[in-house]
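Remarks on the structure that follows.
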Amino acid sequence: MMPGPFELIIILVIVLLIFGGKRLKNIGGDLGGAIKGFKKSMKEGSDDKKIDNKDDIIDVKVVKEEDKKEK
């Protein structure tokens, strides 16, 4: 059950009374900075997984069960 607009206004007023406007602004700024940092680290992590150099690729040979039995 979702709260209606009237309930949301009451919740907002209670939060403003508890934390105050200045502290609420600081919390929002800190939360935004944390989200930006998280997104940046996720992007850097995915860039590290890419292979930039072909020397890093390892050659493999697939051997079938029949070939193993003959040797």
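Bear in mind that the values in this text are calculations on the coordinates, not laboratory data. What you see is a predicted model; the values in this text were computed from it and never measured. Note that we place each Cβ from the backbone using ideal geometry, even for glycine, and neighbour counts take in every protein chain shown.
The set of residues in segment 26-47 being more than 13 Å from the chain's Cα centre (by Cα) and over 29 Å from Val15 (Cβ atoms) consists of Asp47 alone.
Of all residues in segment 2-28, those that are surrounded by 10 or more Cβ atoms within 10 Å (Cβ to Cβ), part of a helix (DSSP H, G or I) and not β-branched (Val, Ile, Thr) total 10.
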